[in-house]
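The values are calculated or read from the model by the stated rules, or taken from the named source; none is laboratory data. Quick caveat: nothing in here was measured; it's all calculated off a predicted structure. Every residue, glycine as well, gets a Cβ built from its backbone with ideal geometry; the counts of neighbours run over all protein chains shown. Heavy atoms of the whole protein, side chains included, go into the accessibility calculation; ligands, DNA and RNA do not. Shrake-Rupley method; radii C 1.70, N 1.55, O 1.52, S 1.80 Å.
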Amino acid sequence: MSTLVLENITKRFGEQMILDKLDLQVNDGEFVSLLGPSGSGKSTIFHLIGGLYQADQGMIRLDNETINGKKGSISYMPQTPSLFPWRTVLENVILNVELYQKPDKQKALEMLERAGLKDYANAYPHELSGGMRQRVAFVRSLLSPQSFICLDEPFSSLDEFTRLEMQKWLLSIWEQERPSVLFVTHNIEEAIFLSDRILVLGSKPANVIKEFSIDFERPRNEKLTLSTAFLETKKEIYQTLRGVLDV
Ligand SMILES: Nc1ncnc2c1ncn2[C@@H]1O[C@H](COP(=O)(O)OP(=O)(O)OP(=O)(O)O)[C@@H](O)[C@H]1O
């Protein structure tokens, strides 16, 4: 498990200041979501953590090791599952681990079974539904040797029903494994349902303008989403985001 700290991060693209002295922390085994308006810099934050971009200023630390500009320290799951079409499901889920060590195929098969994909281990991505492909990509993230996972709107392309099923599935797996997760979404309900904490980003330049601690008991189920406390939290976050958009 891992603790991630971003300290005083500044990032510009040309004249445009995207992040200005951003501070952010994800504790060991914590599920933290980032909510913010489109274009506020959420993907930029992921690219900085993943070492694809260099910060102009500030430190990024994973378990006290500075990882500014260093690739391969975290496991990243993008919006689209990006599976290799010529590799089977099993070959896809062991892809990241293969880069570092001999893959444990038995463990991969067990994870696929827990993801309801046991019968598809030897299938190819085109034979799967959108939700199944997302599950394959998430199993690949979980099997990666990196214990910090960044998830960039993984369910945005799914229909409402599949999305809810995927959220429940993700929670059930996360509650057993407890990896540290930084999750980006535009969906307030999804963020509340999944997270321990939600960070709301303001834009231009982005910074954390408000933090919500989500203390609903775990394990969580969908009944929670109809409770008064859940709807109150949703309203409060919505109003905070509205405030950002009205600026
Ligand atoms: N490589 C780049 N070069 C120049 N500008 C960039 C680059 N990457 C991102 N930007 C700019 O940085 C800003 C933040 O983009 P980013 O993709 O991080 O936002 P986001 O919050 O993830 O957006 P969305 O919610 O729509 O996915 C945008 O104005 C974008 O145009």
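Odds and ends about this structure:
- Boolean, Tyr76 is open to solvent by 50 Å² or more (accessible area, probe 1.4 Å) and within 13 Å of the ligand (Cβ to nearest atom): no
- Verdict on Ile18 being assigned to a strand (DSSP E or B) and β-branched (Val, Ile, Thr): yes
- Taken together, Ser40, Ser33 contain a single residue that is assigned by TED's automatic domain parsing to the domain that holds Glu217, within 14 Å of the ligand (Cβ to nearest atom) and either touching a Lys or Arg at 6+ places or on another chain (Cβ under 6 Å) or not in a loop (DSSP other than H, G, I, E, B) (or both), which is Ser33.
- Selected residue (criterion: nearest to Gly41 (Cα to Cα)) from residues of segment 185-201 that are touching a residue at least 40 places away in the same chain (Cβ under 8 Å) and open to solvent by 10 Å² or more (accessible area, probe 1.4 Å): His186
- Residue within segment 164-183 that is within 16 Å of the ligand (Cβ to nearest atom), under 26 Å from Lys11 (Cα atoms), part of a strand (DSSP E or B) and modelled with pLDDT of 90 or more present: yes
- For segment 85-122, residues that are modelled with pLDDT of 85 or more, among the hydrophobic types (A, V, I, L, M, F, W, C) and open to solvent by 80 Å² or more (accessible area, probe 1.4 Å) total 1.
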